[in-house]
Protein chains: 2
Amino acid sequence: MEKYLFLLLLAAGAPAAAQPAGPLAASLGSVKVVFALNAAGQPTYSVACGQKPVVNASRLGITLADGPGFDGPLVLLGSERKDVDNTWQPVWGEVKNIRDHYQQLTVHLRQLAAPGRRLDVVFRVFADGVGFRYEFPRQLALGNFVVRDELTEFALPADHQAFWIPGDYDTNEYYYTHSRLSAVDGAPQVKASTEIAVRVAPDPQAVATPLMLKADDGLYVNIHEAAQVNYPALQLHVDRASHRLTARLVPNAVGSKAFLHAPCRTPWRTIIVSDRASDILASKLILNLNEPSKIADTGWIKPMKFVGVWWEMQIGRTDWKYASSADTLDARGQLIPTGRHGANTANVKRYIDFAARHGIAGVLVEGWNVGWEDWFGNWKENVFDFVTPYPDFNAQEISQYAKAKGVQMIMHNETSGAATNYEQHFDTAYQFMNKYGYPAVKTGYVGRIIPRGEHHDGQWMSNHFVRVAEAAARYRVVVDMHEAVRPTGLGRTYPNWLASEAGRGNEYNAFSTGSPPDHETIMPFTRLMGGPMDYTPGIFKLKNYEPTGKRQVRTTLAKQLALYVTMYSPLQMAADLPENYEQHLDAFQFIADVPVDWDDTRILAAEPGDYLTTVRKAKDKDEWYLGSITDENARQQPVKLDFLTPGQRYEAILYADGEGADWQKNPTAYQITKRVVTNKSVLTLKLAPGGGAAISFRPVGK
Amino acid sequence: MEKYLFLLLLAAGAPAAAQPAGPLAASLGSVKVVFALNAAGQPTYSVACGQKPVVNASRLGITLADGPGFDGPLVLLGSERKDVDNTWQPVWGEVKNIRDHYQQLTVHLRQLAAPGRRLDVVFRVFADGVGFRYEFPRQLALGNFVVRDELTEFALPADHQAFWIPGDYDTNEYYYTHSRLSAVDGAPQVKASTEIAVRVAPDPQAVATPLMLKADDGLYVNIHEAAQVNYPALQLHVDRASHRLTARLVPNAVGSKAFLHAPCRTPWRTIIVSDRASDILASKLILNLNEPSKIADTGWIKPMKFVGVWWEMQIGRTDWKYASSADTLDARGQLIPTGRHGANTANVKRYIDFAARHGIAGVLVEGWNVGWEDWFGNWKENVFDFVTPYPDFNAQEISQYAKAKGVQMIMHNETSGAATNYEQHFDTAYQFMNKYGYPAVKTGYVGRIIPRGEHHDGQWMSNHFVRVAEAAARYRVVVDMHEAVRPTGLGRTYPNWLASEAGRGNEYNAFSTGSPPDHETIMPFTRLMGGPMDYTPGIFKLKNYEPTGKRQVRTTLAKQLALYVTMYSPLQMAADLPENYEQHLDAFQFIADVPVDWDDTRILAAEPGDYLTTVRKAKDKDEWYLGSITDENARQQPVKLDFLTPGQRYEAILYADGEGADWQKNPTAYQITKRVVTNKSVLTLKLAPGGGAAISFRPVGK
């Protein structure tokens, strides 16, 4: 063995003596990365965009639990550079074609002292940013190893504005704070956020990624990661004085970070940068850094819209559970129903009828299976078996009814955090789905994780989520994961993994005081950078929807429509109740019309925390859909329609905030107008406080 | 709900005021248990055998992680007593019929203060001991809860002699120490036992159960547990001054002991007691305290003997692994074979041929599947997939060859401790076994457990082992679990769980300095009390079998034969190499003849640490097989053959130590003699130092 590896090493061109320690550079357009070993032999990198520094000289490195790691001194063995320019087509997405254009710099390093372990750092420089990762080559001196810490730094040149949530091991469901880096302190929010079931955020200066930054010199910078597989999620510790960010990895049950075996590699660390906020949203850097689809035949994977027996539970009208407690049994030992169970056959049929009537493809039903009386909060492993319905849910009858109506049922598999239990049962669960014709499953992980001691965002769970996607694919099932780790572009590699939650969705407006009016203007720059979110937009009854009567969704109705465009997802829920939609069927028409898969996307106007206007072209059709939203401030948004096909006339249906609309006082005031437009037309959208506008553009005869 | 439960409580006859606090007693024959609340309201019990105290007044109780537990003050709500006398038939076993005769005392307790949680303690008093457990009734005040500690004590009246191994969370593979309780200190042995892969024994005064004790007044006492399901293994902390033993439960990954939900119950704590050591071995108390079979149709469950491609790896002649390391790849990325791989098709056929020639039912093959280059020691999750053979192992060809020869293949599923990985794959693994006709699987858990932080003997793994037994049963597969938690009689409930290792088997003679000559005289009183062990007896080449030439098995050859009778198991390996057996085919005949399932068993002579003589009647045949062993001392063992059928003449074939036999100097000296005997005959067996004798008795024409 030793002989063979020695030959390999020679073949790779390892020099007898180390090369000079850089600097080595790679660039594309105005973006440039420079690698160097510092005086102590520690690897460092810096990033610039034109003349502006993005990341000052910052450390790279990994420490290991056993033996010497890669914190220096290291020597440079060599480097390679190559240029790549390809275009690929996603299975689903915001655009039809994605250009993958980068210059790659690979740096080969070795520990100066014995055992001389080798490490590669690979940089890819795109026109809109940089990705880099650590690669551990096959080598005698490094087989199995345990990552103690990752030393990656992002030394920011100034005290940027930041849009951040606390770095929590188990949740990404906080609302965003907009502050200077020097003001980051997550502790008060973590403590106060009792609406989030599990919160573990020991470092008050740690923030989650994607982290959105805005420099005073006009640069927008987004830091995240791509292809997070077999590795914990990256969080960032903020040194408030120096504005230096340092990697913090979510630990495992025994306090280390990752168990690895060379050859292997970490996820990519990503820095997207531009003078224009819209470029951040348009970036495909993270997708490009993910691997191509591992699923060969993807023809069965279908984006879709759906309604569901869900919001009625969120607002307390009905319950997930069937009985008041697991101990409420009759003399025969059967659960005694409360009469408030939402997932009963008759009610499900009502949703199927609504979906069929309005061309909505799917119906989700939560709370259909036994276990909800005692489902989370007790770190309990065997809550659900994923195949046993409550007595009032007739799976066979519902399946036949939906099929007859041309509607697809969406399964719900809540695990209450017991990932081990789900892995024991998911084959059976997907077989049940195949039997009853469910093409999609929404999973959930509310509660502390089992294996106990593991976290939602640690290495073990990152592998679990991939296992779920892979298992579901074997049964031709698409997946929507709630309470999963926030995405990092893995929908490219596992295209049946259509969406995740992993952020603060609309549901917080039901069971908590909700999210501020700027929330949806920040989400695309943060949570959505890694992939689609099942945000569950489309709430029409924006006040007085829950028992206290005190809560309200902090948007107008028109803004709820706009979200179907501004919040990209191949899986979009129309979240409100059928009876609430039936009060506003004219507005609902936009939800019925808007596609969930696209050929093209343009970000027309964007500023994190303030506003966003996005227009998208429907898949394989010359139809365009526009969404425009604002924060708590009213705004006039001019829109040039030069994206439309020249010479083609379109009927534009404009769903706008009505006279006097205001998220707080008058959220349901909207007006719908139609006009004919061309690519020469210019519209000015009037957005109310907390408001928005949605437009559909369909060709009319020439 | 509240109303209903209140009614339940009334119906159960809960009194308005507490009853007097005992004492309450139950007894059968000479065994008596007394329950009382002490002055502090803490529950206590004591056990006597005739006039001799077995356990002095000792605390009972459980503390909880949240809220008040059952450490007192408690009040007595009531009690019940009943007498039960049944007989049942095991699917396999040492006897055909088992009498389950006991007096049961159920004590209903409630916390004196709010929330007034209720606890039952149930005692069953048998003629040969006591079992008791805690039961948590369905109640409003106790739903989900976490056990912090179990307070059960065993206050022994004197400084008994003890046969003990350290209380280790991950292994039971230590050799036994014989000492007074006051001398228990496991630390030096734990430290020195580098031959055991994972050792976690933080309390040097903790010992494992079964714990075998001998009092100076002549009482033999065995402490263990029965039906350990959904609860960690019981260990005992020894107070060396007072001889008081206190329960220590193996912790989970987060440091607590068990996650439970009322209604539920703990395993039974068992105390077997007698003036005669042989009664301890004959006791069926532990089996009686287990639940009946959960498998309805058990016709497919077959005890069997087997040979295997195994000892040759243990002694270093061949390897489990195919290549020298996982990184030894050729230019095509394929593993480069070392040429030392044992599980190759040709070699497997050699074992099949041997088994077929000598009427051995099964052939085990270890190291047949990819992964062994890097299989343990790195806490690695995805080592094995359990279905991918090495290139030189042709599963199809071997399957067909074995079938043609009338031999059954035994699968090996080593998990390297990654129980999560096994649960992800075991369905596939058993499907593979069904496809290729394997009726049995030997599992292994070498290495630290995954879920990381869990232990082999904790609650999570206790549930895992049951899940494996249940899953295997769905595929009609019988199981032999190595490195599992030590058994507690669950083979009654899951009769496809034929055997476990969970103790120091013969293999330690291959890769370590082995076990002392008294080892097999202690094992039946300790490890075997809970259920069968795959001890792998039958080593014929007792010296010079491994490269150093320094090791030796510390028995004679005749003693190896006797172990097939003295170490009961429905699954018995003939562990040595075919070529070694072929040197002694006359002696091998006993292994070929000896059954693995029995109608009756008599313990003719027994003293832990010194000697044991057992005779058993073959299933459904008037044949008897006797095994007699001694420790390092030569011994003359008289045997009255009054167990034989009166009036019937038998040919007795006696496999005895030969002239000058001695485990150390001359272990392979044996002599085989035949004679005709009746139930009036008396034999005197001459056992050499470290020696033994085996006898088969078969009827001859009258």
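The values are calculated or read from the model by the stated rules, or taken from the named source; none is laboratory data. Everything numeric here is computed off the predicted structure, so don't read it as measured data. Cβ placement follows ideal geometry from the backbone for every residue including glycine, while neighbour counts extend to all protein chains displayed. Note: areas computed on protein heavy atoms with side chains; ligands, DNA, RNA excluded. Shrake-Rupley method; radii C 1.70, N 1.55, O 1.52, S 1.80 Å.
For A:GLN583, project a label point 7 Å along Cα to C-beta. Then give me every residue of the stretch A:539-567 with its amide nitrogen under 18 Å of that point. The answer is A:539-561.
Can you compute the FRET efficiency between B:ALA114 and A:ARG99 using 1/(1 + (r/R0)^6), with r the Cβ-Cβ distance and R0 = 56 Å? Round to the nearest 0.05.
Numbers: r = 69 Å, r/R0 = 1.23.
So the FRET efficiency works out to roughly 0.25.
Along the stretch B:206-221 the Karplus relation, 6.51 cos²θ - 1.76 cosθ + 1.60 evaluated at θ = phi - 60°, assigns HN-Hα couplings of 8, 10, 7, 10, x, 10, 9, 10, 9, 8, 5, 7, x, 6, 9, 9 Hz to successive residues, with x for each Gly and Pro.
Remark on the stretch B:443-477: accessible area falls by at least 40 square angstrom from chain-alone to full-complex state for B:ARG452, B:TRP460, B:ARG467, probe 1.4 angstrom. Eigen-decomposition of the gyration tensor built on the alpha-carbon atoms of chain A gives equivalent ellipsoid semi-axes of 42, 31, 23 angstrom, largest listed first.
Listed by chain and number, the lysines whose C-alpha is less than 21 Å from the C-alpha of B:LYS96, apart from same-chain residues fewer than 8 away, are B:LYS284, B:LYS294, B:LYS302, B:LYS305, B:LYS617, B:LYS619, B:LYS621. When the alpha carbon gyration tensor of the protein assembly as shown is reduced to an equivalent ellipsoid, the three semi-axes, largest first, read 64, 39, 28 Å. Loop-resident trypsin sites (Lys or Arg not before Pro) (DSSP state other than H, G, I, E or B) in the stretch B:191-300 with no more than 16 further Cβ atoms inside 10 Å of their Cβ: B:ARG240, B:ARG276, B:LYS294. Taken one residue at a time, the phi angles of the stretch A:638-644 give Karplus couplings (6.51, -1.76, 1.60, θ = phi - 60°) of x, 9, 7, 8, 5, 6, 5 Hz. Gly and Pro are set to x. The trypsin sites (Lys or Arg not before Pro) of the stretch A:327-416 that meet both conditions, a loop assignment by DSSP and at most 12 other Cβ atoms within 10 Å of the site Cβ, are A:ARG332.
Spin-label model, B:ARG276 to A:ALA592: label points 7 Å out along the Cα-to-beta-carbon direction sit 8.9 nm apart. Here the accessible area of the protein assembly as shown is 49 percent carbon and sulfur, with a 1.4 angstrom probe and all protein chains present. Mean sequence separation of contacting Cα pairs (under 8 Å, at least six apart), scaled by the length of chain B, corresponds to a relative contact order of 11 percent. Where Lys and Arg each count +1 and Asp and Glu each count -1, what net charge lies around A:VAL682 among other residues with Cβ under 10 Å from its Cβ? Residues close to A:VAL682 contribute a combined charge of +1.
Within a Cβ distance under 11 Å of A:ALA473, other residues only, what is the Lys/Arg minus Asp/Glu net charge? Before the final figure, lay out the partial values.
On the way: positive: A:LYS294, A:ARG467, A:ARG474, A:ARG476; negative: A:ASP297, A:GLU470.
Local charge sum for A:ALA473: +2.
For the protein assembly as shown, the solvent-accessible area of protein heavy atoms averages 34 Å² per residue (probe radius 1.4 Å; ligands and nucleic acids excluded).
Under the rule of -39500 (n - 2.57) per DSSP H run of 4 or more residues, summed and divided by the residues of chain B, what mean residue ellipticity at 222 nm is obtained, to the nearest 500 deg cm²/dmol?
Values: 14 runs with 121 residues, N = 702.
The per-residue figure over chain B is -5000 deg cm²/dmol.
The residues of the stretch A:233-274 listed by number as losing at least 40 Å² of accessible area in the complex, against the isolated chain and with a 1.4 Å probe, are A:VAL254, A:PHE259, A:HIS261. To the nearest 10 degrees, how steeply does helix A:2-11 sit against the main Cα axis of chain A, on a 0 to 90 scale? Approximately 90 degrees, to the nearest ten. The fraction of all Cα pairs in the stretch A:276-351 landing in successive 10 Å bins from 0 to the largest distance is 14, 22, 19, 19, 18, 6, 1, given as whole percents. For B:MET481, the residues whose amide H sits under 5 Å from its own are B:THR443, B:ALA499, B:SER500, B:GLU501, ignoring neighbours fewer than 5 places away on the same chain, with H placed 1.01 Å from N.
Taking the label point 7 Å along Cα→Cβ, B:ASP185 and its counterparts in the other copies are spaced 5.3 nm apart, in ascending order. With respect to chain A, whose longest principal axis is taken over its alpha-carbon atoms, helix A:419-436 is tilted by about 50°. Dividing the alpha-carbon radius of gyration of the stretch A:304-594 by the rule-of-thumb value 2.2 N^0.38 Å gives 0.95.
You can think of it this way: the chain between A:ALA404 and A:THR428 has 6.1 nm of extra reach, that is 0.36 nm per residue less the Cα-Cα gap. With label points set 7 Å from Cα along Cα→Cβ, the inter-copy distances at B:GLU579 are 8.5 nm, sorted shortest first. Using a simple spin-label model with pseudo-atoms 7 Å out from Cα toward Cβ, B:GLN396 and A:GLN334 lie 5.2 nm apart. The slack between B:ASP217 and B:LYS191, meaning 0.36 nm per residue of separation minus the straight C-alpha distance, is 5.9 nm.
Peptide A:377-385 has a mean of 3 when you count, residue by residue, the C-beta atoms of other protein chains within 10 Å of its C-beta. Placing unit charges on the Cβ atoms only, positive for Lys and Arg and negative for Asp and Glu, gives chain A a dipole magnitude near 1180 debye about its Cα centre.
Can you give the charge dipole size of the stretch A:304-594 about its Cα centre, rounded to the nearest 20 debye, using +1 on the beta carbon of Lys and Arg and -1 on the beta carbon of Asp and Glu?
Numbers: 28 positive and 31 negative charges, 85 e Å.
The dipole magnitude comes to about 400 debye.
All other residues whose Cβ lies under 9 angstrom from that of B:ARG248 are scored, Lys and Arg at +1 and Asp and Glu at -1, for a net of -3. Close amide H pairs (under 5 Å, H built 1.01 Å from N) link A:LEU604 with A:THR613, A:THR614, A:VAL615, residues at least 5 positions away or on another chain. Across the stretch A:495-509, coupling constants 3J(HN,Hα) worked out from phi with the 6.51/-1.76/1.60 Karplus curve, θ = phi - 60°, read x, 7, 8, 5, 7, 9, 8, 6, x, 8, x, 4, 4, 5, 6 Hz, and Gly and Pro carry x.
If R₀ is 51 angstrom, what is the calculated FRET efficiency for the pair B:ASN382 and A:ALA57, using the beta carbon separation as r and rounding to 0.05? Computed FRET efficiency for B:ASN382 and A:ALA57: 0.85.
Distances, shortest first, from the label point of A:ASP620 to those at the same position in the other copies read 6.6 nm; the point lies 7 Å along Cα to C-beta. Full extension of the chain between B:GLU659 and B:SER30 gives 221.9 nm of extra length, using 0.36 nm per residue less the Cα-Cα distance. The H on the amide N of B:THR388, modeled in the peptide plane, is under 5 Å from the matching H of B:VAL370, each at least 5 residues off or on a different chain. Using the average count of surrounding beta-carbon atoms within 10 Å as a protection proxy, the listed peptides A:358-368, A:660-670, B:452-462 rank, highest first, as B:452-462, A:358-368, A:660-670. Rounded to the nearest 100, the interface formed by chains A and B buries 3000 square angstrom of accessible surface, both chains summed, with a 1.4 Å probe. Helix B:459-474 and the longest principal axis of the C-alpha atoms of chain B enclose an angle of approximately 60°. Modelled this way, with points 7 Å down the Cα-to-C-beta line, the labels at B:LYS294 and A:ASN38 are 5.8 nm from one another. For the stretch B:396-425, a reduction of at least 10 Å² in accessible area between the chain on its own and the assembled protein chains (probe 1.4 Å) is found at B:THR420, B:GLU423, B:GLN424.
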